Amino acid sequence: MTYETLGGVGVTIVMPTYNEAANLPRMAEAVLQLPLDGLHLKVVDDSSPDGTGRIADELAEKYNGDGQRRMSVLHRTEKDGLGRAYVAGMSAAVDEGAEYVVQMDADGSHPVEAVPRMLGTAVASGVGLVIGSRYVEGGSLDEDWGAHRVLLSRFANRYARTVLGTKIRDITAGFNLWSAQALRDVDLHSLDSAGYSFQVELKYKAVRAGHSAVEIPIRFEERTEGVSKMNLSTQIESALVPLRLRLRNRSS
């Protein structure tokens, strides 16, 4: 699958932001330099106090010259979780006609250069989901991750996989490419998870809806600017969501 083959495929990268002023300019540049003519970047900003939203608007003005609409910004007034931000951005992308939607963090942890490979895999195989996976052969984590974070991440994946009975090795992954049809079948607005567990719930429901998932290896980098948004409440939610999903599945 060549870049020329993928050039006309409509793919929108949805990038939620909160206090990512130091990271967003270089991330936008890297994304919009990808050799994909049908690529669009949609930033979803939750009223960042550090001015990320304003910077996003300035970048959109910069990259939308010559009549092209390569970047857009969705401003949200309420900070109610990563999952809600993704629902807003991904729903808008599908409504605007995107054939594929990519989830990507703004902190540089996800390798931008993997997007064409993910898109090529989806187009060639017809699957509804391609996961940028840390835990398949060839995948890896930045060495700057502490041992406790590595153990926590691996445990969270094993726990969710066991509870939900899924074969997806990196079910908590945040770097994913979805077909528009998969997102329609899941019904994004029906998802309950507000935080990081959104990643687990969306994958689980997509597979339950009949969509196949393919995992391709990536290297997950540590952020160089800003701070992680993970906190105790999101960790607790992440532990409870797989149990809730399994119980609902048994009762349905």
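The values are calculated or read from the model by the stated rules, or taken from the named source; none is laboratory data. Small disclaimer: the values here were computed from a predicted structure and weren't measured. Cβ placement follows ideal geometry from the backbone for every residue including glycine, while neighbour counts extend to all protein chains displayed. Accessible surface areas use protein heavy atoms only, side chains included; no ligands, DNA or RNA. Shrake-Rupley method; radii C 1.70, N 1.55, O 1.52, S 1.80 Å.
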Go through region 206-221 and give me each residue that's open to solvent by 50 Å² or more (accessible area, probe 1.4 Å) and assigned to a helix (DSSP H, G or I).
VAL207, ARG208
For region 65-94, enumerate the residues that are surrounded by 17 or more Cβ atoms within 10 Å (Cβ to Cβ) and at positive phi.
GLY81
LEU59, sole failed condition from (1) in contact (Cβ under 8 Å) with a residue 24 or more places away in the chain; (2) outside any helix (DSSP H, G or I):
(2)
Region 173-199 residues that are touching a residue at least 24 places away in the same chain (Cβ under 8 Å) and assigned to a strand (DSSP E or B), paired with ones that are buried (at least 20 other Cβ atoms within 10 Å of the Cβ) and among the charged types (D, E, K, R) (beta carbon under 9 Å, 6 or more apart)
ASN176/LYS203
Could you please find all residues in region 72-90 being at pLDDT 95 or above and farther than 15 Å from ASP192 by Cα?
SER72, VAL73, LEU74, HIS75, ARG76, GLY89, MET90
Of the criteria (1) surrounded by fewer than 23 Cβ atoms within 10 Å (Cβ to Cβ); (2) part of a strand (DSSP E or B), which one VAL43 fails
(1)
Take the residues in region 125-158 that are closer than 22 Å to ARG208 by Cα and part of a helix (DSSP H, G or I); name whichever of them is most open to solvent (accessible area, probe 1.4 Å).
ARG158
Take region 95-106 and flag every residue that is in contact (Cβ under 8 Å) with a residue 12 or more places away in the chain and open to solvent by 20 Å² or more (accessible area, probe 1.4 Å).
GLU96, GLY97, GLU99, TYR100, ASP105
Filtering region 159-201 down to residues that are within 23 Å of ASP80 (Cβ to Cβ), touching a strand residue (DSSP E or B) at 6+ places or on another chain (Cβ under 8 Å) and either of a type in the set (A, V, I, L, M) or surrounded by fewer than 21 Cβ atoms within 10 Å (Cβ to Cβ) (or both) yields ALA173, GLY174, LEU183
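Of everything in region 15-36, what is free of Cβ contacts under 8 Å to residues at least 60 places away in the same chain and either buried (at least 20 other Cβ atoms within 10 Å of the Cβ) or on the phi > 0 side of the Ramachandran plot (or both)? Give them in sequence order.
Going residue by residue through region 15-36, those that are free of Cβ contacts under 8 Å to residues at least 60 places away in the same chain are 21, 25, 28-29, 32-33.
The one that is free of Cβ contacts under 8 Å to residues at least 60 places away in the same chain and either buried (at least 20 other Cβ atoms within 10 Å of the Cβ) or on the phi > 0 side of the Ramachandran plot (or both): ALA28.
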